[in-house]
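Single-structure report; data block below.
The values are calculated or read from the model by the stated rules, or taken from the named source; none is laboratory data. Bear in mind the structure is a predicted one, so any value in this text is a computation, not a measurement. So basically every Cβ, Gly included, is an ideal-geometry build from the backbone, and we count neighbours across all protein chains shown.
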Amino acid sequence: MTCTDAQVRVLMRERQKGRTQEQAAVKANINSRKTAARYERLGKLPSELKQPRQYRTRADPFTEDWDQVEQMLSDAPELEAKTLFEWLCEQSPGKYQEGQLRSLQRRVADWRALNQEKVAVLEQVHHPG
């Protein structure tokens, strides 16, 4: 069973008061004594145990056409992702859906962050009056 951080905090607080593991689990509304024992043994909250995912949940739909898109971005960096997406939809009708536009926007933003020239931005100081 999965517990929340708040439940585990209650469990630990009750154990510090001297309650048994079973009593503390009931007080924290944790149904399984095994779950209570696990969190007590580890000494960590559930949020601390969660590992960031190292894999993609779905395949990137733009891998086949990314070379062309990247070439277009290199030639004309001012192109917007929406324009590129419309061009991709014209090149291969039925391959892309409207919901994939945001994925392309993220990918283009990542490309720009890595490959576009950095422009010096000078802070403007506005004096009242």
Next item on the list: Return yes or no: is E70 exposed (fewer than 14 other Cβ atoms within 10 Å of the Cβ), under 19 Å from W111 (Cβ atoms), among the charged types (D, E, K, R) and modelled with pLDDT of 90 or more?
Entry: no
Check: Among (1) surrounded by 10 or more Cβ atoms within 10 Å (Cβ to Cβ); (2) part of a helix (DSSP H, G or I); (3) of a type outside the set (A, V, I, L, M, F, W, C), where does S47 come up short?
Finding: (1)
Check: In the set R53, R19, which member is closer than 30 Å to C3 by Cα and surrounded by 15 or more Cβ atoms within 10 Å (Cβ to Cβ)?
Finding: R19
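Considering each residue of segment 101-129, count those that are farther than 22 Å from S74 by Cβ and either modelled with pLDDT of 95 or more or not in a loop (DSSP other than H, G, I, E, B) (or both), and give that number. If you could, list the steps in order and put the result at the bottom.
Step one: list which residues in segment 101-129 are farther than 22 Å from S74 by Cβ, which gives 102, 121-129.
Narrowing the set further to residues that are either modelled with pLDDT of 95 or more or not in a loop (DSSP other than H, G, I, E, B) (or both) leaves 102.
Residues in segment 101-129 being farther than 22 Å from S74 by Cβ and either modelled with pLDDT of 95 or more or not in a loop (DSSP other than H, G, I, E, B) (or both): 1 in total.
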Item checked: Of all residues in segment 76-129 being touching a residue at least 40 places away in the same chain (Cβ under 8 Å) and under 17 Å from T63 (Cβ atoms), the one that is surrounded by the most Cβ atoms within 10 Å (Cβ to Cβ) -> L104
Note to self: Suppose the filter is part of a helix (DSSP H, G or I), over 30 Å from T2 (Cβ atoms) and modelled with pLDDT of 90 or more; does T35 pass it?
What the structure shows: no
